[in-house]
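Have a look at the structure below before the remarks.
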Amino acid sequence: MTQKTFLDFGIEVRHASGEEDTTCPKCSEARRNKRARCLSVNIDKGVWTCHHCGWSGGLGSGEQQRPVIVKTWRRPAYIANNTELSDEALKWFAGRGITQEVLRRNRVGSGTAYIPQVEERRGAVMFPYYRGEEVINVKYRTKDKLFRMEAGAERVLYGLNDIGEKLIWVEGEMDKLSVEVAGFASCVSVPDGAPTPNTKNYSSKFDFLDAPELERAKVHIIAVDNDEPGVRLEDELLRRLGRDSCMVVRWPEGCKDANDVLAIYGAITLRECIDAATWVPVEGEHTVREFRESMDRLYRFGMPKGLRTGWYSVDECYTVMPGEWTLVTGIPGHGKSEWLDALMVQLAHQHGWRFAVFSPENQPTEYHLSKLAEKYMDKPFADGPTERMTPKDKDDAIDFLDQHFVFILPELPTVDALIERLRSIVKRHGVQGVLLDPWNEIDHTRPGGMSETEYISQSLSKFRAFARSHGVHLWIVAHPTKLEKKTDGGYPVPTPYDVAGSAHWRNKADNCVTVWRDQTTQTDFVEIHVQKIRKKSVGRVGLVKLQYLRLTGNYVESTGPYARTRG
């Protein structure tokens with residue numbers, strides 16, 4: 001019998017080997033975004049699975065249907081013609097500077113709605129969220145500023161139909177209407193306002209960025225609220241949309257948002273504020289004036305600190321700062337990758353971080369996932385003398401990992417190809433951490449005439465610019481050159497200067513960490529040597545000892561009051 005090909009199942013692949021994402025012949029045509037690459041194909045193994053509809057199979061086994069819960073959305077019953085604004089509502093809008101013309105164009109209505117905060121129906125203004133002519137959601141606002149959206153309806157941007165090449169971002173429906181009064185129709189509001197800065201799974205609040213309508217926008221003008229949640233929202237939008245395509249608006253003293261400016265100063269002043277939007281500073285030369293606003297924020301909210309790692313003793317020397325990159329080195333077999341896996345799990349568990357992982361040595365991906373699952377559940381994945389995780393534990397771990405990890409393995413992983421893929425992943429998945437493990441698995445073909453030192457310097461500069469521009473923390477694992485054994489048969493602790501290729505490894509890194517253990521003994525204690533910290537708010541140079549748990553690959557505090565403490 002002739003071996004079937006992917007085309008026999010309607011699957012189009014571009015490569016002869018490796019893994020790639022493509023469209024699904026079963027569901028992509030029926031979806032709003034027909035270009036969504038929801039089908040993962042392992043060309044070498046001849047298997048595929050769709051993460052949207054659950055269709056899966058193999059060239060040898062044929063098609064299968066994996067039971068997948070596909071999210072369905074309820075459509076609210078909102079009839080624009082039956083929701084004329086009351087006189088009271090019209091008067092209130094007029095007091096905030098919103099014209100009847102703008103209200104009619106956006107089909108804003110009024111009526112009564114159940115408000116869960118007070119457990120009763122109340123009079124409310126109704127803001128319909130449209131995609132085309134279909135109402136996707138409705139937000140209800142009472143006169144005492146109680147809000148709710150339709151239960152079970154999709155959270156989308158307010159103003160999807162108005163998106164143009166130059167797009168203004170605001171934080172509420174009233175701000176969107178205010179910007180339109182000032183003459184700018186291309187404006188959207190985030191559906192739930194700004195998440196609080198300490199929201200644990202902050203990155204999960206930005207699913208609205210998947211809207212295909214956003215592809216029309218080339219320049220993004222960020223005009224959100226002038227308060228702490230607004231600052232956090234602005235930072236996240238800049239990180240995801242890319243600072244080089246973003247401008248920012250600053251409001252006059254005493255005004256928190258666009259509607260404040262409209263109500264206090266009028267439409268002309270609001271328009272002037274938006275026209276005065278400035279490009280976000282990126283790498284290069286800048287005047288001090290450009291940093292006046294950011295300096296004011298530092299003064300008001302303090303110097304940013306790194307995130308705690310989940311090990312109290314490690315936190316005294318090393319924390320994780322967005323926008324920086326850390327070199328991690330160590331002798332093969334000393335636990336670099338295991339420690340970084342444990343660190344990622346703890347950052348995901350404690351802070352809700354999402355990660356993009358390039359780890360060719362941890363293949364197949366199922367093997368890597370099983371190790372991460374062990375660290376999350378603190379139980380062995382495989383059967384053995386110690387009780388393993390239950391099927392429910394396994395499912396819970398998979399659900400957790402699915403929320404927090406994305407794996408990348410491009411066919412030709414050059415520095416430029418990885419950065420291009422990572423930019424897309426930051427926008428779509430909101431990842432805050434990136435792991436490249438190890439450096440030598442990246443394709444390092446150099447242009448003719450370029451030395452290794454020059455190439456490493458240029459490549460690390462590109463990764464550093466990416467990390468700063470997108471506010472992610474990047475870990476790069478790089479092996480040291482071959483070290484001479486000591487007289488006792490063990491190896492010395494490597495330093496960043498021992499990493500193969502160039503002293504630029506230490507010079508360009510924000511932080512340098514070496515993972516080392518004494519192989520002359522049977523000890524399970526591992527030393528974390530923090531050998532460089534660029535910013536004192538992140539940590540300090542020092543040595544921390546952790547105990548390695550072989551059953552699960554976890555690391556715990558070895559001594560003192562924090563012994564066996566886990567996040």
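Values for this structure:
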{"quantity": "Table column - 3J(HN,Hα) (Hz), the stretch 472-481, Karplus curve with 6.51, -1.76, 1.60, x for Gly and Pro", "calculated": "9, 9, 10, 10, 10, 8, 9, 7, x, 5"}
{"quantity": "Fewest-first ranking of Lys205, Lys482, Lys336, using other Cβ atoms within 10 Å as the exposure measure", "calculated": "Lys482, Lys205, Lys336"}
{"quantity": "Those lysines that a straight Cα-Cα span of less than 18 Å connects to Lys379, excepting residues fewer than 8 apart in one chain", "calculated": "Lys371, Lys392, Lys394"}
{"quantity": "Residues Trp311, Trp439, sorted so that the one with the fewest Cβ neighbours within 10 Å comes first", "calculated": "Trp439, Trp311"}
{"quantity": "Between helix 391-404 and the chain: long-axis angle, C-alpha atoms, 0 to 90°, nearest 10", "calculated": "70"}
{"quantity": "Dipole axis of the chain (+1 Lys, Arg; -1 Asp, Glu on Cβ), positive-most option in Trp475, Leu85, Pro25", "calculated": "Leu85"}
{"quantity": "For peptides 228-241, 179-192, sequence by mean Cβ density within 10 Å, most packed first", "calculated": "179-192, 228-241"}
{"quantity": "Prolate/oblate/rounded label for the stretch 133-264 (Cα gyration tensor, a/c 1.5)", "calculated": "rounded"}
{"quantity": "For Phe525, Phe147, order by how many other beta-carbon atoms lie within 10 Å, fewest first", "calculated": "Phe525, Phe147"}
{"quantity": "Cα-based shape type of the chain, given that a ≥ b ≥ c are square roots of the gyration tensor eigenvalues and the cut on a/c is 1.5", "calculated": "prolate"}
{"quantity": "Residue-averaged [θ]222 nm for the chain, counting only DSSP H segments that reach four residues, each worth -39500 (n - 2.57)", "calculated": "-8000 deg cm²/dmol"}
{"quantity": "With Cα atoms, 0 to 90° folded angle of helix 365-377 axis to the chain main axis", "calculated": "80"}
{"quantity": "Qualifying GluC sites (Glu not before Pro) for the stretch 111-171 [loop in DSSP, other Cβ within 10 Å: at most 13]", "calculated": "Glu119, Glu133, Glu165"}
{"quantity": "Charge dipole (debye, nearest 20) of the stretch 322-512; +1 at Cβ of Lys and Arg, -1 at Cβ of Asp and Glu", "calculated": "580"}
{"quantity": "Residue-wise HN-Hα coupling along the stretch 103-111, computed from phi with Karplus coefficients 6.51, -1.76, 1.60 (Hz; x: Gly, Pro)", "calculated": "4, 5, 4, 8, 6, 6, x, 9, x"}
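Quick note: the coordinates plus some simple rules give every number you see, no bench work behind them. As the structure is a computational prediction, the values presented were derived from the model and not from experiment. Because the Cβ atoms are built from the backbone with ideal geometry, glycine has one as well, and the counts that use them run over all protein chains shown.
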